Amino acid sequence: MGEGGTAEAQLANELADALRRIVELERRERKHRKADETLHDSELRYRTLFESAGDGIFLVKGFQFTDCNTMAMKMFGCTREQMIGQSPYRFSPPSQPDGKSSREKATQRIRAAFLGEPQYFAWKHCRYDGTPFDAEVTLTRIELSGEVYVQGIVRDVTDQRSAEKALRKSEERYRNLFENTTMGIFQSSDGRFISVNPSLAKGLGYDSPQEMIDTITDIAAQLYVNREDYAKAGRLLQTQGTVEEFEVQIRKKNGKKAWFVLNAQAVRNPGLGEFSYEGTAEHVTRRKRAEEALRSTNRVLEDIVNFLPDATFVIDKTKKVIAWNRAIELMTGVPKEEMIGKGEYAYAVPFYDERRPILIDLVGPVNEQMESQYGSVKREGSRVFTETFAPNVYGGKGAYLSGIACPLVDSKGRIVGAIESIRDITERRQAEEALQTSEKRYRELHESLRDGFALVALDGKLVETNAAFQSIVGYTQEELAGRSYQELTPSKWHAFEEKIMRGQVYQRGYSDVYQKEYIRKDGTVIPVELRAHLMRNEDGSPVEMWAFVRDITERIRAEESLQRYQEHLEELVKERTAKLAMEIAEHKRTEKALRESEEKYRNIFDNAVEGIFQTSPEGRFLSANPALARIHGFDSPGELMASVADIGQEVYVNPEDRIKLMELYEKQGFVEKFETQFYRRDGSRIWISMNSRAVRDENGTVLCYEGTAEDITSRKQIEEELLIMRNLESIGTLAGGIAHDFNNLLTAVTGYIALARISLSSGNDASQLLSAAERISMKGKELTQKLITFSKGGAPIKKLINPDELIRQSTGTVLTGPAIRFEYSFPDDLRPIEGDEAQIRQVIHNIVLNSKEAMPDGGTIKIGATNVTLGSEDSILLPHGHYVKISVEDEGMGIKEEDLPRIFDPYFSTKGMGARKGMGLGLAVVYSIVKKHNGHITVQSLPGQGTTVHIHLPAHSEPTVLAESPKASESGDRPRGRVLFMDDEEYIRDIGGRLILHLGYHVTTAGDGAEAVALYKDALASDEPFHAVILDLSVKNGIGGEEAFRRILSVDPHVNAIISTGYTDDPLIVNFADHGFKGAIIKPYKIEELADALQRVAPTPPAGL
């Protein structure tokens, strides 16, 4: 029982134990099922978020896409099938904006994320069709179903980048407007300025906006002449929120008063107080003065118009009357008060009793319909003339009127109205009509005379005859034309008639009646009776003769006609006298026109752009216009004429030129485009081009010289610049070729030296000698760089440069020696320049070296730089803008005047030629570099007084940023791999192959591009590709490096190519990365440079590759 009980108890315990284990197993099973359900729900929620996200999401495993959401497919422009299984860099361009490989950068980012380092970065993606777009990418490590992935989230920020760019451009435009507008702009609060622009500060006499802000602490008290204006403006701003066209007097810094027009608004800005005010201030002092001057001028013009004896009125461009003088009041009976301001042709009513266009309305384009209202309308330029009958003037009596109308223009030549002047010509018209009637009667009488009439020139030729004369002699008018009266007279009468002419006609103007004979056309001789008369002009000189001729064959009929002839003769004399009176009147009109012409000439003389002059044979100015005075540097023509007593000695730089000018006057009487140099009043020199002539009297004696003079200094400067540039270009091609070939030779020399040096121990004397030889050989590279400066192109490799530091560094090694002292002068705010640091350093070095050599006994060299801004008033031939002006001044022996024009010529030197004396390239190099930097260089020098060189280089608007020198690549294990080396020179291939082999690479050489392409394709097909390719840019006979690279790139987009050349200025070298190259190396190069270039493009591959 005891044992049985024990067994039962043990069994019960085991059963209870088993039951607890069953319960525990059931609990664990329920927990596991719940965990699985939770994991499933979590994955379901992730998938929901994955598909509904607004950004593109993808999963990467093993550097391949394993999943992506709908937005990612839409963003990359492809289907899921086109995306899954692709590498991430399939959707990236070959390189990123920084020039680095997209494949390498993407691999680094994905690997870092996979190791648990979240990545967030900007990236240049491209869609399935190759279209690029900007993106922001986030990479994180996640685990799904026990597997590790890299999750990528991509956001397209193309529109954001565009908006940011537009915002920056808008802000830049506003800042430019604020800084550069001529309108003053301000912001104020609590009676003080918060900000002002430079235009407002300058307009009020302050040196800078900050000075104005700091100085003015109480706007009302310090600026406003009338403080009530400030209060009034404040009330308007508080009640209306704005003020517009508010005119106010402002007190400037110097205490003077100026007029401004304010336009402002109130702006609520808690940061600056309850309100701040912002707006514009326009300086209108000149306009106010001009308005007052205009009002004064208008009053003067109104007085002038009223004073005119002719009836005159003026209309504005809206055809409203603005002036109506006293003479027109008398003519029309309409007072000024009733007509001023009237329009719609109201001014026509007093003349024609109706509103209609009249002469003043014809000013401007031709209007045939309007002109048809007048019998005749004449135009001379912009002036319009007519004569017409106005029936309504003088109380309805009417009158013949002559009118002239012309436009009124403002200072800019714009038509602002018109003026018409009217003269009563009734009496003249009546006289003309009477004269026409008289002339008609005279002509009828002339033709009906039974006596012959002949008008004879002083040489005896018949000018005019009547029918009676023609009947007497039996000839027609046509037959008489060109005949002389002596031909019609028998020779026996010639001496007798000549005596009458000399003794009577020429003495008293007429002859007594005398008889002679005429030979008729049929040969018969008839007796005639005549009297000759002499006509003289206004100065008494004989003009013509005329005579009445009578056939006295029938005396009785002649006697009966005598009385009629006498009466007709008296009438003829009256008519002729009237004609003479008309000629006198015409002469007076001619005199008036001459005076007007002289006045017009005076206006042209005074306002001409070219200088106009008259000089005496003794060399003094007789007359000069204002333009000539300005050319010579004088304030007025009077000051010029009073100051210059001897033109040849005081004005001409080379007096021999005036002697040459006098010889040309003597030889040909005139000169055209005669060029010479003049001294201005301040002693500066200018170039002049003259067109002039010698004025002589009737005896040939020179009275004066007159002509025009044009300042052509700017043109001559341009011609000199072009001449220098042509000289430089003439050696450009030769220099480039020499530099390239020389660099090839140096490459081989330095390469063999380097290999020889490396093969020796470092302590060996021969090794040290080889090192020295290598350094000296590399000096040849500097010489080739100078030659390259002359060759075509020569584009500088530019970066931002601090001029202060560069100048100090460039002059430190030159300005040595106890006898040489130097002074630097640089402002703290000196702007940076953008240029090639090596080339600018060469410029400073060459100039300072010249200054040092010009002072063999020592002296001071002053070196400085300053910020300058060039505008339209500056004579330097550069675009307007900001520049840094670098000046180098020495106390040396100076440069002769005749040498100055040649100092920039290649191979010109005042020191002689030779290794120690110079090659004449120093300043030529300087000139070429400055020009290629879009700059300008000038030299001022006087023998014995030193030389100053000024260089203007474009300034950069940003703060100085000094480019950091690239760090040398860290050397690890010696690089290994295969390198293809192409060069057309066998000795370059030999030394290049040796150097590359020494660096631990396997090397294959090629003689031209075609061979290099073939070798690269073979290596690529054999699974033993080249890790790097070095291609020579220029090949004499065959395909060059650039074309070879393009062909290789077509078969291997990931080729690691290095371009090599001796042409350091080739654009492809300067911007090699833009053309797809991974590196560039310039001949001659050291083995260290070659190793660094190879290490950069083809790092040491993993062992076994």
Report summary line: Cα extents of segment 181-283 along the principal axes, largest first, in whole Å, come to 33, 26, 26
Report summary line: A student applying the Cα gyration tensor rule (rounded when a/c is under 1.5; otherwise prolate if a/b is larger than b/c, oblate if not) would label segment 167-231 prolate
Report task. Give me the distance in nm between label points sitting 7 Å out from Cα along the Cα-to-Cβ direction at Thr182 and Gln677, one decimal. Result -> 3.8
Query raised in the report: Could you put Ile612, Ile718 in order, starting from the residue whose Cβ has the fewest other Cβ atoms within 10 Å?
Result: Ile718, Ile612
Query raised in the report: Can you give the extra length, in nm with one decimal, that the chain gains between Asp310 and Asp874 once fully stretched, where that is 0.36 nm per residue apart less the Cα-Cα distance?
Result: 197.9 nm
Report task. Mind counting lysine pairs for me in segment 53-162? Cα separation below 21 Å, and the two need to be 8 or more apart along the chain or on different chains. Result -> 4
Query - Point-to-point label distance, Gln373-Glu853, nm (Cα→Cβ direction, 7 Å offset) - result: 8.6
**Report entry** Backbone HN-Hα couplings from phi across segment 341-350 [Karplus 6.51/-1.76/1.60, Hz, Gly and Pro as x]
**Finding:** x, 7, x, 6, 6, 4, 6, 7, 4, x
Requested in this report: Subtracting the Cα-Cα distance from 0.36 nm times the residue separation, let me have the gained length for Phe389 to Ala1014 in nm, one decimal.
Outcome: 214.8 nm
Query raised in the report: Relative to a virtual label point 7 Å from the Cα of Val695 in the Cα→beta-carbon direction, which members of segment 622-645 show backbone nitrogen distances below 18 Å?
Result: 622-629, 637-638, 641-642
Query - Extension gain from Leu330 to Gln436, taking 0.36 nm per residue of separation minus the Cα-Cα distance - result: 35.1 nm
Report summary line: Given backbone amide H placed at 1.01 Å from N, residues whose amide H is under 5 Å from that of Tyr475, ignoring those fewer than 5 places away on the same chain, are Lys521
Query raised in the report: What is the distance, in nm, between label points placed 7 Å from the Cα along the Cα-to-Cβ direction at Glu278 and at Arg251?
Result: 2.9
Requested in this report: Hey, for a label at Arg141 modelled as a point 7 Å past Cα toward Cβ, could you say which residues of segment 88-121 have their backbone N under 17 Å away?
Outcome: 107-120
Requested in this report: Report, by chain and number, residues whose modeled amide H sits under 5 Å from the one on Leu408, excluding near sequence neighbours (fewer than 5 apart, same chain).
Outcome: Val416, Gly417, Ala418, Ile419
Requested in this report: Enumerate the amide H contacts of Ile820 below 5 Å, restricted to partners 5 or more residues apart or on another chain; note that Pro and chain-start residues carry no placed amide H.
Outcome: Gly859
Query raised in the report: Given a Förster distance of 41 angstrom, what is the FRET efficiency for Thr158 paired with Glu211, based on the Cβ-Cβ distance and rounded to 0.05?
Result: 0.35
Report task. Take the alpha-carbon positions of segment 53-162, form their convex hull, and give its projected area averaged over all directions (one quarter of the hull surface) in nm². Result -> 6.7
**Report entry** Theoretical FRET efficiency, 1/(1+(r/R0)^6), r = Cβ-Cβ of His882 and Glu337, R0 45 Å, to 0.05
**Finding:** 0.15
Query raised in the report: For segment 609-711, rounded, prolate or oblate, judged on the Cα gyration tensor with a ≥ b ≥ c (square roots of eigenvalues), a/c < 1.5 rounded, else prolate if a/b > b/c?
Result: prolate
Query raised in the report: Could you state the per residue volume, in Å³, of the convex hull enclosing the Cα atoms of segment 115-160?
Result: 89
Report task. Please report Ser1034, Ser541 as a ranked list, fewest other C-beta atoms within 10 angstrom at the top and most at the bottom. Result -> Ser541, Ser1034
Report task. Apply 1/(1 + (r/R0)^6) to the Cβ-Cβ distance of Glu591 and Ser684, taking R0 = 45 Å, and write down the FRET efficiency to the nearest 0.05. Result -> 0.45
Query raised in the report: What list of ³J(HN,Hα) couplings, whole Hz, do you get for segment 891-898 from phi and the Karplus terms 6.51, -1.76, 1.60, once you set θ to phi - 60° and write x for glycine and proline?
Result: 10, x, 6, x, 10, 5, 4, 6
Query - Residue order, fewest to most beta carbons within 10 Å, for Ser95, Ser872, Ser928 - result: Ser872, Ser95, Ser928
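Throughout, read-outs are computed from the coordinates displayed, never taken from laboratory work. This is a predicted model, so every value here is computed, not measured. Virtual Cβ from ideal backbone geometry, glycine too; neighbours counted across all protein chains shown.
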